[in-house]
Amino acid sequence: MSYIEFSDVVRTYGEGTTKINALDGASFNVEKGELAVILGASGAGKTTALNILGGMDSATSGTITVDGRDLSHASENDLVLYRRADVGFVFQFYNLVPNLTALENVELATQICPDSLDPTEMLEKVGLADRLGNFPAQLSGGEQQRVSIARALAKNPKLLLCDEPTGALDYQTGKQILQLLQDMSRSEHVTVVIVTHNAALADMADRLIRFKSGRVTSMTTNESPLPISEIEW
Ligand SMILES: Nc1ncnc2c1ncn2[C@@H]1O[C@H](COP(=O)(O)OP(=O)(O)OP(=O)(O)O)[C@@H](O)[C@H]1O
């Protein structure tokens, strides 16, 4: 059994004439410790899949298991614990609390986790040792995204879910953030799933999953993914 098993998942929104299948029988799997990239055009269902994997949304039908845990039949209480302890999230817009410092933003997340890591150490790992006391408004977009990655990783998650993590960043800063995510997946042995519409990111992935119209059109593994510095777009 794979670490992530996403099997024949349908997610329907709306009813009657407004009914839409955001996912329409999507199936894929990811092994433990892999960095997987989910690639697809706007509206392909990528974010819906990520939200279901993160326990923030539920499938209309199909089964989803993560590390042997069946999310499709989990109680709301189980999903709360899963979101708190097992999953780290990185979003396009960093969602930091504006009146808390970088350190306090990371500390806040660790307070609801049983096995959290040291917030200061995590901020050091993402290269922000000298910015612990800064508020989000005093940090660049790339630095704010680093804080959000430190916040996600400080939970000591088994799974890191990233939705267009470089969508709001310039080219060079975006590359640095992707390098950080690739490095973290290697050094912290965390399973990482990145959702993007940027086809160039295909080469950085251990596993590439292509989405189209709510379905997976291909899934390939890559024995030698490229470091981000060697990828141009
Ligand atoms: N809560 C919702 N209610 C109604 N429709 C929704 C909802 N969430 C998503 N959809 C629809 O489902 C489809 C898939 O959306 P989703 O956000 O998963 O795609 P995506 O591949 O992540 O796109 P993007 O790259 O633009 O974010 C879209 O047509 C979207 O409008």
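When VAL190, VAL216 are screened for being among the aliphatic types (A, V, I, L, M), within 16 Å of the ligand (Cβ to nearest atom) and either buried (at least 19 other Cβ atoms within 10 Å of the Cβ) or under 19 Å from ASN51 (Cα atoms) (or both), only VAL216 passes.
Here's a check for you: in region 185-196, which residue that is aliphatic (A, V, I, L, M) and touching a Leu at 6+ places or on another chain (Cβ under 6 Å) is modelled with the lowest pLDDT? If you could, list the steps in order and put the result at the bottom.
Filtering region 185-196 for residues aliphatic (A, V, I, L, M) gives 190, 192-195.
Keeping just the survivors that are touching a Leu at 6+ places or on another chain (Cβ under 6 Å) gives 190, 192-193, 195.
Numbers: VAL190: 93, VAL192: 96, VAL193: 97, VAL195: 96.
Across region 185-196, the extreme among qualifying residues is VAL190.
Residues are listed down the side, and each one gets a yes or a no for (1) in a strand (DSSP E or B); (2) not β-branched (Val, Ile, Thr):
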| site | (1), (2) |
| --- | --- |
| THR17 | no, no |
| ALA26 | yes, yes |
| MET56 | no, yes |
| PHE89 | yes, yes |
| LEU117 | no, yes |
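Return the residues of region 29-50 that are under 21 Å from HIS197 (Cβ atoms) and either away from the ligand (no atom under 14 Å from the Cβ) or assigned to a loop (DSSP other than H, G, I, E, B) (or both); say none if nothing qualifies.
Quick first cut of region 29-50, residues under 21 Å from HIS197 (Cβ atoms) only: 30, 34-50.
Listed by number, the residues that qualify are VAL30, GLU34, LEU35, ALA36, GLY40, ALA41, SER42, GLY43, ALA44, GLY45.
Close Cβ contacts (under 9 Å, 6 or more residues apart or on different chains) running from residues in region 210-223 that are assigned by TED's automatic domain parsing to the domain that holds ASN198 and modelled with pLDDT under 95 to residues that are among the hydroxyl-bearing types (Ser, Thr, Tyr) and away from the ligand (no atom under 13 Å from the Cβ) are absent. For region 197-208, taking the residues that are under 21 Å from GLU31 (Cβ atoms) and either within 12 Å of the ligand (Cβ to nearest atom) or among the small types (Gly, Ala, Ser) (or both), the one that is farthest from the chain's Cα centre (by Cα) is identified as ALA202.
The values are calculated or read from the model by the stated rules, or taken from the named source; none is laboratory data. Since we're looking at a predicted model, the values are computed, not measured. FYI the Cβ positions are ideal-geometry reconstructions off the backbone, even for glycines, and counts take in every protein chain you see.
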